[in-house]
Every structure is written in C-alpha cells, then in structure tokens.
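Colleague: Below: one structure in structure tokens.
Derivation of every value follows stated rules applied to the coordinates shown; laboratory data play no part. This structure is a prediction, so every number in the text was calculated from the model and none was measured. Quick reminder, even Gly has a Cβ in these numbers, built from the backbone with ideal geometry, and neighbours come from all protein chains shown.
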Amino acid sequence: MTKMMRLKKDVKEKRELVNITIDRFLPRKDEYPKIIHKAMRYTLFAGGKRIRPYLTITTYQLFGHMDKKILPVAAAIELIHTYSLIHDDLPDIDNDDLRRGKPACHKEFGEDIATLAGDALIIEAFKILLTVDAKPKVKIDLIKEFAEITGDTGLLAGQIVDIESEGKNVSPETLDYIHMNKTAKLITTAVRFGAILAEASEDDIERITEYGKTLGMLFQIGDDILDVVGSEEKMGKKTGLDAQRGKATYPKIYGIEKAKEKAHELQIKAQDIISYYGPKAEFLKKICIYIATREF
C-alpha cells in the first residue's frame, strides 16, 4: 500500500469516527421541532471530507495520544465549518444552490430554517466543547479561542470583507485577510486544538500554528483555482461563480498560473514545517499533497 493510499484509508477511518461522534451529540432528526433538527443534520451528513476534524485528531496523535477524548473537539470544529457553509450558500451571501452534490440547505428547507439551522450548529458546537475531558483552564482557553476565531475577528470578519469586496479591485493584503479569516483560521484552530489538548510544548504549538496557517491558505487558494478549472460533478457544486460575482480570489488578482505557483509554494512550506517531526508526521505531511491536488 502506498503512502497516499494509507492516508486515504486513515482519512476514511477518522471520518467515520467523527460522523459517529456528531450523530451522538446532535438531537435526533425526529425530535420536536423536527424541521430544525432535520435541517441541522442535512448538510452535515450530505458528505464532506472532514479535513478539519481529521487534522485535529491527527495532530493530537502526533504528540503520542491515541485515546478518543479528542473526538468531541473534532466534532465541534466540523459543526462550525458546516454552519459556515449553510450561511455562505444563502441568497444574500454567495447564493449557491448546490452543496456536496445536493440542494443547498436553504433550497431544501427554505432560507428561514437554513439560517436557524446554521445558528443552532454554532450553539451545539460550543455545547460539545463543554463536554471535553480536559483541565478547567484548558477547556476555558479552548472555548475562548473558539469564540474568537468564529466571531467578528475571525470567520465572520472574513465573510464580511468577502461580501464587501465583491465587484471591487482589492489589494493583495485585503485578499489575504479574507482568505486567512474566512478559511485559514478554522484550519489553524483544528491543528492547534489537537496540540493544546495533547499538552504540547509552547514551541510545538507555535510550529503547529504556522503549519495550520500555511495549510489553511493553501486550502482556500485551491478552492479559488477549482472554481475556475474544477469539475462541477466532482465538486458537488457549481463552478465559475466567483468570477460571475466579482469575488476577490487569487486567480482574479494574480491570474490562474500565479495562483497555482502560490499554492505549490504553500504546499512545500507546510510540508517543510511539519517535517520537523519526522516519520510520525507522515499523514500531516501527505495531507498537504492531498489538499493541493484535490479535485473536489
């Protein structure tokens, strides 16, 4: 079995663990009021690579921990990611009709229910973090950081500036701000939380943070590129929409070839950072290639 095959097998196994954990924490779809619980589960279980929770679990294991107390943290991160997808797809934001190969949440349940489903996932994510088996100070630090990166200085900030930048010629600095906050911060948090719960050293957490930022930017630039050259069938959503809306993207500002060059540079940088840990970081190194070469 090749290294990439081992990675894909590991991703699949951890995705199943995360799905089981999410299912255990969420209200059942037939629990009253049924429509909100169906909507919450709809996009969550419509597919998805579970890359962010995978990074959380694998970083935790990098520092020698093989127990399952990391799973609620990984699940909480996936809930926040899915909430952001539901809200991004809404007509007043990105107006996407497809997500993960199925009608977007608002197309299935209506804009009102989709909005509330996203809100409910945020709340559930914080409730899940409260269950984490960790020292009180560690748990408080996790929740505080989680609020910061998902709020108006993190994910929301990226979404806001992304909306405000539509149809405008933005600076490279503004583009980086959008990408860092809208995408890279949650990926950075995914690896940071794995390291923090593993009680890694400050030096290790700093190194892992830089790895996460680099990987997060790589992921978003990859999305930008796929919107230009990707297959709608493989991606499970419409392509070419960024250009139609005048979105601030790397291909728009730098051109497609320069965007590809930047993605390659980030891939090499992320691999170099995580190579510090040698063979035990094999999957975290290979995930850089997986993200850089994905077609969906």
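Colleague: Please report the equivalent ellipsoid semi-axes of segment 1-56, computed as sqrt(5 x eigenvalue) of the Cα gyration tensor, largest first, in whole Å. Kindly include the intermediate steps, with their values, before the conclusion.
Modeller: On the way: eigenvalues 169, 18, 12 Å².
For segment 1-56, the ellipsoid semi-axes come out as 29, 10, 8 Å.
Colleague: Taking Rh as the Kirkwood radius, which is the inverse of the mean 1/r over Cα pairs, what is the Rg/Rh value for segment 57-111?
Modeller: Working: Rg = 15.8 Å, Rh = 13.1 Å.
With Rg and the Kirkwood Rh in hand, the quotient comes to 1.21.
Colleague: Let me ask something else about it. Just to be sure I understand the model, the point goes 7 Å from the Cα along the line to the Cβ. What's the resulting residue 261 to residue 168 distance in nm?
Modeller: Once both label points are built, they end up 2.8 nm from each other.
Colleague: Helices from the chain with mean Kyte-Doolittle at least 0.5 and a Cα length along the axis of 20 Å or more, per DSSP H: which?
Modeller: Numbers: long enough: 3-25 (33 Å, -0.85); 71-89 (27 Å, 0.69); 111-129 (28 Å, 1.07); 136-150 (21 Å, 0.11); 202-229 (40 Å, -0.05); 256-274 (27 Å, -0.66).
Helix filter hits for the chain: 71-89, 111-129.
Colleague: Mean-square fluctuation check for the chain, GNM, Cα pairs under 10 Å: which of 271, 159, 244 is largest?
Modeller: 244
Colleague: Considering Cα pairs under 8 angstrom that are at least six residues apart, work out the relative contact order of the chain and quote it in whole percent.
Modeller: Numbers: 418 pairs, mean separation 55.2, N = 296.
Across the chain, relative contact order equals 19 percent.
Colleague: In terms of the ratio Rg/(2.2 N^0.38 Å) built on C-alpha atoms, what value belongs to the chain?
Modeller: My calculation over the Cα atoms of the chain gives 0.96.
Colleague: Give the range of the longest stretch in the chain that excludes all GluC sites (Glu not before Pro) found in loop regions by DSSP and having at most 15 other beta-carbon atoms within 10 Å.
Modeller: On the way: sites that count: 31, 166, 199, 295.
Value returned for the longest uninterrupted segment is 32-165.
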